[in-house]
Amino acid sequence: MTVNDQDPYSVTNTDKDPEETAEWNESLDSLVAAQGHERGREIMLSLLKRSKDLHLGVPMVPTTDYINTIAKEDEPDFPGNEELERRYRAWIRWNAAITVHRAQRPGIGVGGHIATYASSAALYEVGHNHFFRGADHESGGDQIFYQGHASPGMYARAFLEGRMSEDQLKGFRQEKSQAPNGISSYPHPRLMPEFWQFPTVSMGLGPINAIYQAQNNKYLTNRGIRDVSEKQVWAFLGDGEMDEVESRGALQWATNEKLDNLNFVINCNLQRLDGPVRGNGKIIQELESFFRGAGWNVIKVIWGREWDDLLANDHEGALRDLMNRTPDGDYQTYKAESGAYVRENFFGRDPRTLKMVEHLSDDQVWNLKRGGHDYRKVYAAFKAASEHKGQPTVILAKTVKGYGLGPSFEGRNATHQMKKLTLDNLKKFRDEMHIPITDAALEADPYQPPFYHPGEDDEAIQYMQERRRELGGYVPERRTKHTHIDLPEAKTYDIVKKGSGKQEIATTMAFARLLKDLLRDKSIGNRIVPIIPDEARTFGMDAYFPTAKIYNPAGQQYTSVDREQLLAYKESPQGQIVHVGINEAGAFAAFTAVGTSYATNGEPLIPVYVFYSMFGFQRTGDAMWAAGDQMARGFIMGATAGRTTLTGEGLQHADGHSLLLASTNPAVVSYDAAYGYELGHIVRAGIERMYGGKHEDPNVMYYLTLYNEPLVQPAEPENFDVEGALKGIYHLSAPTITGPKAQLLASGVAVPWTLEAQRLLASDWGVAADVWSVTSWTELRRDGLAAEEYNFLNPNEEARVPYVTAKLADAKGPFVALTDFMHAVPDQIRAFVPGDFATLGADDFGFSDTRAAARRFFKIDSHSLVVRTLESLVKRGEMDPAVPAQAIEKYSLHDVNEGTTGSAGGES
Ligand SMILES: Cc1ncc(C[n+]2csc(CCOP(=O)(O)OP(=O)(O)O)c2C)c(N)n1
Ligand SMILES: [Mg+2]
């Protein structure tokens with residue numbers, strides 16, 4: 001049973017009066033027999049309407065017949081020269097297939113995909129010839145999410161357009177070895193920054209990112225930053241891809257936000273990688289009901305023009321019935337067979353339909369095409385979609401996977417993975433595409449058949465170029481020229497410099513205060529976009545509600561329950577906060593759209609996405625990776641960080657590893673700040689790096705951990721080592737006694753525990769310890785690795801010294817590191833610490849308890865650090881070996897109830 005099989009009207013078992021029911025049915029039958037389908041439909045729709053008035057609770061009709069949504073009579077004229085357009089489409093198809101085929105030759109074997117573009121060429125080409133506006137268009141240009149593995153088609157078009165060379169096509173998937181001509185496998189803006197705009201190939205991210213891109217366009221317009229209301233977002237997706245949770249999970253959001261600037265084009269070739277998407281069912285019908293249920297405008301493009309007459313003569317509905325009942329698995333098989341097979345196995349299922357094709361030859365039956373390959377049908381759908389108001393639109397276009405590549409490709413289950421053509425395939429495909437390349441040329445080297453370009457002066461090429469000129473330039477194209485913004489003065493960050501006086505506040509609150517001041521800043525305030533998945537109150541950010549307001553294009557049409565309160569929940573079309581609901585995937589899609597606005601809309605926006613750190617990298621890490629590809633800039637705030645700091649919330653909330661996960665993303669710069677003043681400098685440096693226009697690598701995202709443990713935030717120390725804090729380590733506190741020396745390194749919430757350990761070491765054991773705040777273990781590691789790499793490759797040059805090594809060069813005694821994260825976080829710098837190094841971390845699942853008990857359990861509290869330091873001193877012969885055991889005894893280290901590190905409370 002699939003979604004589309006479910007019959008909302010199947011209540012027959014409980015029919016109280018079957019005879020009466022039969023009479024009603026007969027009336028309808030005779031009405032249709034006498035007056036035809038149209039009239040029958042009218043009466044039924046009118047009855048449905050009436051049933052609604054009478055509150056009969058009849059469910060909505062989820063699907064329509066398995067035919068085109070736009071009737072033949074309603075089709076607009078096709079405005080182009082179809083013959084010319086088809087001519088160069090064939091060249092594109094040839095070059096696309098040859099690009100992959102050549103890359104798969106022996107000795108190279110880097111692969112690619114042929115069948116996908118073959119199935120979707122007409123969809124793209126109707127868009128390229130008639131709809132997709134380039135960046136020079138007065139609208140500012142459309143934004144197109146290309147299906148990742150259809151990329152060879154876009155390269156092949158760019159080749160005909162003269163903006164990509166033959167050498168580049170030859171360099172497909174050989175990015176380094178064919179540099180500077182290597183081109184990327186899929187749409188990767190980071191690898192081809194002037195070409196691709198949106199990375200799509202991780203299935204499911206394209207759809208959700210497209211939704212939030214469309215939302216961001218409305219946001220920019222509504223907030224008066226730039227009017228981009230004429231831009232359209234087009235997302236090309238696979239029918240298999242629609243199985244991804246992210247593909248479907250935000251559809252209702254697009255409806256609620258009335259994203260009529262958004263169009264999905266789903267290439268329904270009925271196949272995914274392994275085989276049929278829904279062999280027993282009908283993916284188009286399933287998607288139709290799903291999208292309609294989510295409130296989208298649905299346009300089905302199922303049949304090509306060859307079917308028009310047959311459908312017009314289908315007076316009894318026999319053909320429609322057959323179309324409705326045939327499962328996708330059969331439709332797929334038909335296209336891998338022949339006209340005779342289709343006649344027998346499709347039309348032959350009903351004598352009436354068999355009769356309908358009597359006058360057609362087998363070839364003509366074979367030539368009854370699918371709608372997604374028909375320019376006229378596709379044009380009608382695209383036009384209707386682009387003009388539709390009030391709702392997003394989805395076009396469900398039926399195609400054949402491997403279309404035009406011959407019987408060994410078309411509709412075959414293995415077609416997705418087929419990367420090369422036999423000599424025979426090549427010849428047939430060449431004939432089919434009318435490519436003027438001789439047999440001899442193909443035979444000369446069947447692994448490297450020639451590309452085809454007829455020359456710039458060719459009539460068809462001229463036509464193609466003219467179409468693009470008229471539409472405002474080439475697509476895809478990525479531009480990064482953007483409005484200049486002035487950055488805030490240093491004093492804007494003063495709020496966190498002063499500390500919190502006597503008040504105890506967590507770093508989350510310190511950051512919330514800083515952000516409040518940044519939001520007020522004249523230069524960048526209105527460009528900051530706080531993104532919060534239903535946790536604003538948790539993080540003290542409800543303070544922004546009345547002033548910054550929550551973005552909602554519909555405003556606030558209800559009387560708010562808390563309207564009289566100071567911190568009222570306020571929604572507005574001009575609102576600044578993007579509140580996505582409980583929706584981390586959507587929040588990150590919003591982050592990506594906001595953080596790339598500098599490139600997609602030429603207007604820098606600064607996303608500040610605040611979330612439970614546990615629900616970040618490990619939940620949406622793939623989206624974060626894609627954002628790195630798309631070169632998003634902004635701040636990712638992992639609030640409620642630490643394995644023992646949010647400890648009331650327990651196992652699934654206790655984050656001890658997000659910093660480690662963040663370290664795996666090369667576009668992420670992460671910091672684990674201890675105090676508000678550290679945050680101030682880090683945020684300022686981040687804004688300057690990303691938006692100041694001077695840094696050589698501005699395409700980064702800052703990941704900052706924030707904690708919820710209240711403490712007195714100290715004022716910024718005099719002569720604060722800003723450079724150290726930004727590079728990852730600075731000296732925080734010197735010992736006040738003399739004695740055996742030790743070096744304590746800590747980050748984040750563990751810094752105050754370390755200061756406590758410093759006191760205990762002095763008072764209880766006469767040890768003189770320095771304390772270092774390590775703001776970023778990961779940045780220190782990266783710097784260390786860079787130095788190692790340099791030294792490795794430049795043996796005759798003066799060796800570079802890693803920053804942390806230099807910083808700690810004169811520090812005496814053993815080094816002991818402490819964190820509320822896993823050992824592996826501080827272990828990142830192990831190779832670069834100039835001396836004995838021990839780490840304390842929390843490696844197991846978290847649990848619920850008091851902070852003090854949890855820290856004692858994991859042996860990461862102040863007392864554990866004292867003992868560990870004493871042991872390190874013993875190992876070096878600088879301490880009496882009896883001392884550590886005495887210390888364990890003295891502190892009852894094995895008793896979790898004796899822990900004292902941390903304040904009470906640990907809920908969010
Ligand atoms: C998240 C993710 N999982 C798996 C893949 C591997 N993959 C690439 S294409 C593909 C099949 C796509 O089928 P469909 O979406 O129907 O596209 P078609 O090629 O049929 O147009 C798969 C599984 C991927 N790219 N991303
Ligand atoms: Mg498919």
From the alpha carbon gyration tensor of the stretch 490-712, can you work out the equivalent ellipsoid semi-axes (sqrt of 5 times each eigenvalue) and give them in Å, largest to smallest? 23, 22, 19
Which of the lysines could a cross-linker bridge to residue 16, judged by Cα under 16 Å and excluding same-chain residues fewer than eight apart? none
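With 10 angstrom as the radius, rank 597, 185, 773 by how many other C-beta atoms surround their C-beta, starting from the fewest. Don't skip to the answer; put the middle values down first.
Values: 597 29, 185 20, 773 26.
The most exposed by this proxy come first: 185, 773, 597.
Size of the dipole of the chain about the Cα centre, Lys and Arg at +1 and Asp and Glu at -1 on the beta carbon, nothing else charged, in debye to 20? Let's see the in-between values first.
Numbers: 95 positive and 123 negative charges, 293 e Å.
With only Lys, Arg, Asp and Glu charged at Cβ, the dipole is about 1400 debye.
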With label points set 7 Å from each Cα along the Cα-to-Cβ direction at residue 439 and residue 194, the distance between them in nm comes to 4.4
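For the stretch 735-898, what's the relative contact order in percent, using C-alpha pairs closer than 8 Å and at least 6 residues apart?
Numbers: 272 pairs, mean separation 37.2, N = 164.
Relative CO of the stretch 735-898 lands at 23 percent.
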Only Cα pairs under 8 Å and at least 6 apart count here; give the relative contact order of the stretch 574-719 as a rounded whole percent. 25
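Using the number of other C-beta atoms within 10 angstrom as an exposure proxy, rank 875, 481, 859 with the fewest first. If you can, show how the numbers build up before the last one.
Values: 875 14, 481 8, 859 17.
Arranged by neighbour count, lowest to highest, 875, 481, 859 become 481, 875, 859.
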Qualifying aspartates and glutamates (Cα of each under 13 Å from Cα of residue 491; at least 8 residues distant if same chain): 517, 521
Would you mind checking the radius of gyration and Dmax of the stretch 777-866 based on alpha-carbon positions, in Å? 16.3, 56
At a Cα cut-off below 14 Å, give the aspartates and glutamates reachable from residue 694, other chains included and same-chain residues fewer than 8 away excluded. 486
Put a dot 7 Å past each Cα toward the Cβ at residue 27 and residue 83; how far apart are the dots in nm? 5.6
Once you charge only the Cβ atoms, +1 for Lys and Arg and -1 for Asp and Glu, what is the size of the charge dipole of the stretch 490-712 about its Cα centre, to the nearest 20 debye? 660
In Å and on Cα atoms, what radius of gyration and Dmax does the chain show? 32.5, 107
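Set the bar at 18 Å for Cα to Cα. Now go through 335/398; 741/890; 282/398; 258/516; 369/401 and name every pair that lies beyond it. Walk me through the intermediate numbers first.
Values: 335/398 12 Å; 741/890 21 Å; 282/398 11 Å; 258/516 30 Å; 369/401 13 Å.
From 335/398; 741/890; 282/398; 258/516; 369/401, over 18 Å: 741/890; 258/516.
Once the other residues with Cβ under 11 Å from the Cβ of residue 671 are scored (Lys, Arg +1; Asp, Glu -1), what is the net sum?
Numbers: positive: 727; negative: 672, 678, 779.
Here the count lands on -2.
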Quick one: if you stick a label point 7 Å off each Cα along the C-beta vector at residue 48 and residue 448, how many nm between them? 6.0
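So for 569, 88, 790, fewest C-beta neighbours within 10 Å to most, what's the order? Please list the in-between numbers first.
Values: 569 18, 88 21, 790 12.
Least to most surrounded, the residues fall as 790, 569, 88.
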Local electrostatic count at residue 551 - Lys and Arg +1, Asp and Glu -1, tallied over other residues with Cβ under 10 Å: +1
Could you work out the relative contact order of the chain, using alpha carbon pairs under 8 angstrom and six or more residues apart, expressed as a whole percent? 11
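For a protection proxy built on the mean count of beta-carbon atoms within 10 angstrom, sort 232-244, 687-699, 617-629 highest first, please.
Details: 232-244: 23.7, 687-699: 15.7, 617-629: 21.2.
Top to bottom by mean Cβ count within 10 Å: 232-244, 617-629, 687-699.
Just so you know, all these numbers are worked out from the coordinates, no wet-lab data involved. Computed from a prediction, not measured in an experiment: that's the story for all the values here. Glycine also receives a Cβ, built like all others from the backbone with ideal geometry; neighbour counts cover every protein chain displayed.
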